[in-house]
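In what follows, a single structure is set out as structure tokens and then discussed.
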Amino acid sequence: MQIKLMFLFVLILSGCSAGDPISESMAEADLADEILIIDTHMDSPMLVLNSGGEFTLAESTGQFNYEKAKQGGLNAAFMAVYISPSLREEGGAFDLANKMIDQIEESISKNPEKFAAALTPDDIKGNFEKRLISLPMGIENGTALEEKLENIQHFFNRGIRYITLTHSRANGICDSSFDEEKVWKGLSPFGKEVVAEMNRLGLMIDVSHASDDAFFQILELSEAPVLATHSSCRHFVPGLERNMSDEMIKRLAEKGGVIQINFCTSFLDEQYGKAYAEISTRFRAFLQEEDLGRRDARAVEFREKLRQENPLPEVPLGRVVDHIEHVIGLVGVDHVGLGSDFDGVGDSVPVGLEDVSKYRCLVKEMTSRGFSREAIEKICGGNFLRLWKAVEQKSLTENSEDAV
């Protein structure tokens with residue numbers, strides 16, 4: 001009884017439903033505090049950038065901050081250095097990426113009792129033992145390279161450990177899943193050089209956002225396992241190229257890769273996706289007719305009215321676990337993890353998984369479905385760390401062979 005009351009207290013603090021079955025095992029009750037929980041994609045640095053230095057990541061007003069992370073049991077969050085596709089034409093992508101890296105480093109240096117940098121899997125484990133939250137970094141959109149191969153080395157030296165090769169439009173590296181125009185029919189010639197250089201340096205290649213053709217070409221060329229830092233399963237939302245098909249997931253796993261499940265409800269649930277697409281279509285038409293920007297007061301008011309008049313279906317937290325179970329059914333438990341996309345998807349997240357404070361609820365959902373502790377440890381971070389080590393090892397091997 002005492003154990004049940006303690007677990008109930010944890011659930012109340014975390015915001016999880018107390019009406020669900022309560023585990024009799026203290027190990028299960030405290031599992032979120034005992035294991036490494038790693039999220040491989042958060043857009044929180046954008047909020048710091050847009051605040052003009054008003055706050056650091058510790059006090060961020062979004063879905064991630066220090067208190068929320070501690071409440072949810074989150075131990076490591078890859079901070080995404082997001083580069084808008086428009087900067088390919090406008091310029092300034094390289095400089096903006098460096099500025100955002102500076103701000104992430106500042107968040108760490110100003111909060112040494114809360115955060116720590118992480119350049120290796122061992123760093124994450126060491127920070128976990130010290131009860132510090134790791135803030136490793138990745139670049140979202142290879143446009144930051146400005147089509148200069150030497151900039152990969154530059155960003156590696158600055159602490160970047162993965163690069164999402166593209167975003168919502170084709171760039172100089174490869175085509176995008178969101179872009180109807182397939183400029184390169186997969187990878188560009190420069191993109192092929194990028195894959196080889198990232199392998200050489202030990203930088204993880206992120207295939208989220210890449211087109212299907214680009215994905216398969218990357219797998220063919222890469223000598224190291226590749227990662228999808230924030231993607232979901234196309235099985236649940238047929239036709240959404242942004243998600244990964246069953247064939248893609250199988251090929252990814254054959255190469256030792258991992259898919260980190262995105263929490264965006266449009267990627268998780270077909271009905272939600274259709275309803276959201278309808279609202280978005282009407283909203284874009286309004287912007288065009290009225291010649292407004294998305295953040296103009298009238299635009300914000302119209303969008304809120306649309307949402308009130310056309311309520312979106314609720315998607316439960318368990319839908320994330322549905323995607324995890326689908327991957328396990330296809331390729332086993334060693335090739336799936338967590339990549340929320342928090343602070344990048346707005347309020348399009350499952351009920352019960354609104355921010356990083358709710359990871360405890362996600363762990364509880366997996367436990368309630370009969371997942372073993374070993375499986376949960378793999379999903380919450382073990383699989384990703386294994387891939388990262390494999391990418392590092394491939395780099396070390398390649399460089400030692402070149403030196404002979």
- Note on the structure: Counting sequence-distant residues (5 or more places) and residues on other chains, those with an amide H built under 5 Å from that of VAL336 are ILE259
- Message: For the stretch 46-101 and the stretch 258-288, what is the centre-to-centre distance using only Cα atoms, to the nearest Å?
- Response: 23 Å
- Name the residue farthest towards the positive end of the dipole of the chain from the options GLY72, ASN151, ILE205, assuming +1 on Cβ of Lys and Arg, -1 on Cβ of Asp and Glu, about the Cα centre. GLY72
- Task: Calculate one ³J(HN,Hα) per residue across the stretch 163-173 by plugging θ = phi - 60° into the Karplus curve 6.51 cos²θ - 1.76 cosθ + 1.60, and present them in order as whole Hz with x for glycine and proline.
- Result: 10, 6, 4, 9, 9, 8, 9, 4, 10, x, 9
- Item | HIS41 long-range amide H proximity, modeled H, under 5 Å | PHE78, SER340, ASP341
- Message: For the chain, what does the helix formula give at 222 nm: sum of -39500 (n - 2.57) over DSSP H segments with n ≥ 4, over the residue count, nearest 500 deg cm²/dmol?
- Response: -14000 deg cm²/dmol
- Average accessible area per residue (Å²) across the chain - probe 1.4 Å, nucleic acids and ligands excluded: 42 Å²
- Item | Spin-label pair SER372/GLU223, simplified geometry with 7 Å Cα→Cβ offset, distance in nm | 3.5 nm
- Search the structure for amide H atoms under 5 Å from the amide H of ILE163, placed 1.01 Å from N in the peptide plane, and list their residues when 5 or more places away or on another chain. ILE139, MET204, ASP206
- Note on the structure: When the charge dipole of the chain is computed with +1 on Lys and Arg Cβ and -1 on Asp and Glu Cβ about the Cα centre, the Cα farthest towards its positive end, among VAL363, GLY92, GLY62, belongs to VAL363
- Note on the structure: Ranked by GNM mean-square fluctuation in the chain (Cα springs under 10 Å), the top entry among LEU187, LEU240, LEU330 is LEU330
- Under a GNM of the chain (C-alpha, springs under 10 Å), which listed residue has the highest mean-square fluctuation: GLY239, GLY62, GLY73? GLY239
- Hey, for a label at GLU309 modelled as a point 7 Å past Cα toward Cβ, could you say which residues of the stretch 257-297 have their backbone N under 17 Å away? 275-290
- Message: Charges at C-beta only: +1 for Lys and Arg, -1 for Asp and Glu. How large is the resulting dipole of the stretch 290-333 about its Cα centre, in Debye rounded to 20?
- Response: 100 debye
- Item | Proximal lysines relative to LYS255, as straight alpha-carbon distance under 21 Å, when same-chain residues fewer than 8 apart are discounted | LYS192, LYS378, LYS389, LYS394
- Cβ-isolated cysteines (cut-off 4.7 Å), the chain: CYS174, CYS233, CYS264, CYS380
- Query: Of the residues LEU387, LEU317, LEU292, which exhibits the maximal mean-square fluctuation in a Gaussian network model of the chain defined by a 10 Å Cα contact cut-off?
  - Reply: LEU292
- Hey, got the dipole for the chain? About the Cα centre, +1 on K and R Cβ, -1 on D and E Cβ, debye to the nearest 20? 560 debye
- Figure the gain on full extension for LYS274 and GLU34 (residue separation times 0.36 nm, minus the Cα-Cα span) and round it to one decimal in nm. 82.5 nm
- Message: Probe radius 1.4 Å, ligands and nucleic acids ignored: give me the carbon and sulfur share of the accessible area of the chain as a rounded percent.
- Response: 50 percent
- Query: Treating the beta-carbon of each Lys and Arg as +1 and of each Asp and Glu as -1, no other charges, what is the dipole magnitude of the stretch 250-404 about its Cα centre, to the nearest 20 debye?
  - Reply: 320 debye
- Give the peptides 151-163, 77-89, 220-232 in descending order of average Cβ contacts within 10 Å, highest first. 220-232, 77-89, 151-163
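The values are calculated or read from the model by the stated rules, or taken from the named source; none is laboratory data. Here the structure is a predicted model, which means the values were calculated and not measured. Cβ sites come from the backbone with ideal geometry, for glycine too, and all protein chains shown count toward neighbours. With ligands, DNA and RNA removed, areas are computed over all heavy atoms of the protein, side chains included. Shrake-Rupley method; radii C 1.70, N 1.55, O 1.52, S 1.80 Å.
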